[in-house]
Amino acid sequence: MIKAQWNTQAFKVRHRYLLYVFIPVLSLAMHFHIFTRDLVGYHVWRQTETQNNIENFAHGDFNILHPAINNAGNGSGICRLEFPIMQWLFACFYKIFGDHIIISRVLSFIIGLFTVWGMYHLTCALFKRNMVSMIAAWCFSFSPLFYYYTMNPLPDNLALCLGVWGICFFFRWINEKRTALLLWSAAFLGTAAMVKLPFAVYLAAAGAYAAIAVWRRQPEMKKLWHLFVAFGLCFMPAAAWYIFVIPAWQTDGGGVVHGILSASKSDIPNLLYLLQGNIISTLPELLINYGALLFFISGIIWMLKGGAYRNRLFPVLAGWGIGVLFYFIFELNIIGTVHDYYLYPLLPLIILITAYGAEKLLTMPLYIIRTLSVIALAVLPLTAFLRVNHRWNTVDPGFNPDLLKYHMVLAAAAPGKALCVAGNDESGNIWFYYIRKKGWNFSSDSLSGAALQGMIEQGAAYLYTDAPKVYQSAGIKPYLSRLVLQAGSIRVYALSEPAGKAGTR
């Protein structure tokens, strides 16, 4: 009987070319049509908010402590959520090269490449095998969730990159006990938490390691002081930032702070529905990729069957997993079935399991299983593309397409620093991004004459709207001085107070 075997030696020789050349070139080719495309599609709300932050840093207040949005009336617009490291760094490039969306696209793509390379090195630190590490990098690159967001300006991309490298350095420190690795781990994970708070749950890995060392009374228990000091110091900036800004979130009713604690008993059926939706749909479709689903299932089976839980690193991995699962359950009502990028903290662990399962199938003696596994890996780019490429749809961009079509003339219709009223825009970000203005927004035809008068008194000079019920309203018409521009369904009016009211002030 001839036993065909996977040529691991050839794989080892070529894996660096696959990692540092083939994956980047393939991903670049598949995303090439997106680099110059403006912000459209899924979660364009959050993307335009981030891009407005970037442009306000580039052309306004460059203080990193003052991230600003455009939907702020005549105020400063300062809106502090995550610590805006990514937005500020991107703004540096905008100051040098000017306003071009390709800058945000290219920088986001580069961050994504470093995340893929970090995933490779994380897997190496855990398994010490090139094959499974290369598979992890490949599967990570073509997770549909990552494939889509890696081109979009979201701080979650930088947080994920820092989180992957931070946890990689941590496992390397466990193996090698070099203090420099511990410091790198703490610095990367602390910064990841600053960039996006959910990545603070990666501390669970360090907590699990410390708890196990204390319980076993291991000799390296003395090293725990290094761990406590390193992580304590590196997480202090993140703690200080969020202690400062979270009270404002609570004032605005930020559900992310309270999670499921804000739910009542009547919400339990909906929470179970959301849990089911994430397990049945989001997990296989977006996080894993349907082409790799069998690998993920195989990975779980082999972990249980093969006694992976006896590995000395398994308790630390389990602690990390418990941490991210706690985050997922706690924020389930906020994540819903829509905010898929909130699931970024779960992605590295899911891909580790997937890669482990793929390696097991690729090294099985049955030729047919190995062949089918190779085919499944090969189709991952195609299945990722088919699943999410439609999200960059310029015909149905997720908002009024006339904004995208006529954005240049709309931006030029009013002076650059003129304060404007814009809507309908439920997001508060999309319209201001495309018309390049600041001011007030409204949604659902909710602009009244009294509200518009108050805005005019505070400096509003123009109205941008696609709502006939608004500009045809008897309460609004007296404030419309003249029609400046009509671009498709969008009208731009110069505003002025009625003569009688102006004279009574």
Item checked: Enumerated helices (runs of 4 or more DSSP H) restricted to the range 97-172, each holding at least 2 residues that are touching a residue at least 12 places away in the same chain (Cβ under 8 Å) and surrounded by fewer than 23 Cβ atoms within 10 Å (Cβ to Cβ) -> 101-127, 130-141
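One line per residue, one yes/no per condition, for (1) of a type outside the set (V, I, T); (2) exposed (fewer than 15 other Cβ atoms within 10 Å of the Cβ); (3) at pLDDT 95 or above:
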{"site": "G323", "(1), (2), (3)": "yes, no, yes"}
{"site": "Y327", "(1), (2), (3)": "yes, no, yes"}
{"site": "T354", "(1), (2), (3)": "no, no, yes"}
{"site": "G357", "(1), (2), (3)": "yes, no, yes"}
{"site": "L361", "(1), (2), (3)": "yes, no, yes"}
{"site": "M364", "(1), (2), (3)": "yes, yes, no"}
Margin query: Out of I368, I375, I need the residue that is over 26 Å from the mean Cα position of the chain (by Cα), of a type in the set (V, I, T) and closer than 20 Å to V132 by Cβ. Which one?
Written below: I375
Check: Do we find a residue being within 17 Å of A68 (Cβ to Cβ), of a type outside the set (S, T, Y) and at pLDDT below 95 anywhere in the range 455-462?
Finding: no
Checklist line | Members of the range 410-427 found to be among the aliphatic types (A, V, I, L, M) and under 22 Å from I476 (Cβ atoms), listed by number | finding: L410, A413, A414, A418, L419, V421, A422
Next item on the list: Test each condition in (1) under 24 Å from the mean Cα position of the chain (by Cα); (2) surrounded by 16 or more Cβ atoms within 10 Å (Cβ to Cβ) for P247 and report the one that comes out false.
Entry: (2)
Checklist line | Residue within the range 398-411 that is touching a helix residue (DSSP H, G or I) at 6+ places or on another chain (Cβ under 6 Å), within 28 Å of G454 (Cβ to Cβ), of a type in the set (D, E) and at pLDDT 95 or above present | finding: no
Next item on the list: May I ask you to list pairs of residues, at least six apart or on different chains, whose Cβ atoms are under 6 Å apart, with the first in the range 282-302 being outside any helix (DSSP H, G or I) and the second being not hydrophobic (A, V, I, L, M, F, W, C)?
Entry: N289/S143; N289/P144; N289/T383
Margin query: So, in the range 302-320, exactly how many residues are farther than 18 Å from P348 by Cβ and surrounded by fewer than 17 Cβ atoms within 10 Å (Cβ to Cβ)?
Written below: 7
Check: Do we find that Y433 is assigned to a helix (DSSP H, G or I) and either crowded, with 21+ Cβ neighbours inside 10 Å or polar (S, T, N, Q) (or both) in this structure?
Finding: yes
Margin query: Can you tell me which of (1) within 21 Å of W392 (Cβ to Cβ); (2) modelled with pLDDT of 95 or more is the one D99 doesn't meet?
Written below: (2)
Next item on the list: Would you be able to say whether some residue in the range 61-74 is surrounded by fewer than 17 Cβ atoms within 10 Å (Cβ to Cβ), polar (S, T, N, Q) and more than 15 Å from the chain's Cα centre (by Cα)?
Entry: yes
Next item on the list: Among the candidates L452, L485, L495, L447, single out the residue that is closer than 26 Å to V40 by Cα, touching a residue at least 40 places away in the same chain (Cβ under 8 Å) and crowded, with 16+ Cβ neighbours inside 10 Å.
Entry: L485
Checklist line | Positions within the range 173-194 being more than 13 Å from F231 (Cβ to Cβ) and surrounded by 24 or more Cβ atoms within 10 Å (Cβ to Cβ), in sequence order | finding: M194
Next item on the list: Just need a number here: residues in the range 400-430 that are closer than 19 Å to T36 by Cβ and part of a loop (DSSP other than H, G, I, E, B).
Entry: 1
Next item on the list: Sort through A125, A204, A200, A136 and tell me the only one that's closer than 30 Å to N53 by Cα, assigned by TED's automatic domain parsing to the domain that holds M303 and touching a helix residue (DSSP H, G or I) at 6+ places or on another chain (Cβ under 7 Å).
Entry: A200
Next item on the list: Could you identify the single residue in G299, G323 that is under 23 Å from the mean Cα position of the chain (by Cα) and either assigned by TED's automatic domain parsing to the domain that holds Y148 or within 16 Å of L347 (Cβ to Cβ) (or both)?
Entry: G323
Notebook entry, point to check: Quick one: how many residues across the range 458-477 are in a helix (DSSP H, G or I), touching a residue at least 12 places away in the same chain (Cβ under 8 Å) and farther than 26 Å from E49 by Cα?
Noted result: 2
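The values are calculated or read from the model by the stated rules, or taken from the named source; none is laboratory data. Since the model is a prediction, treat every value here as computed from it, not as a measurement. Note: ideal-geometry Cβ built from the backbone for every residue, glycine included; neighbour counts use all protein chains shown.
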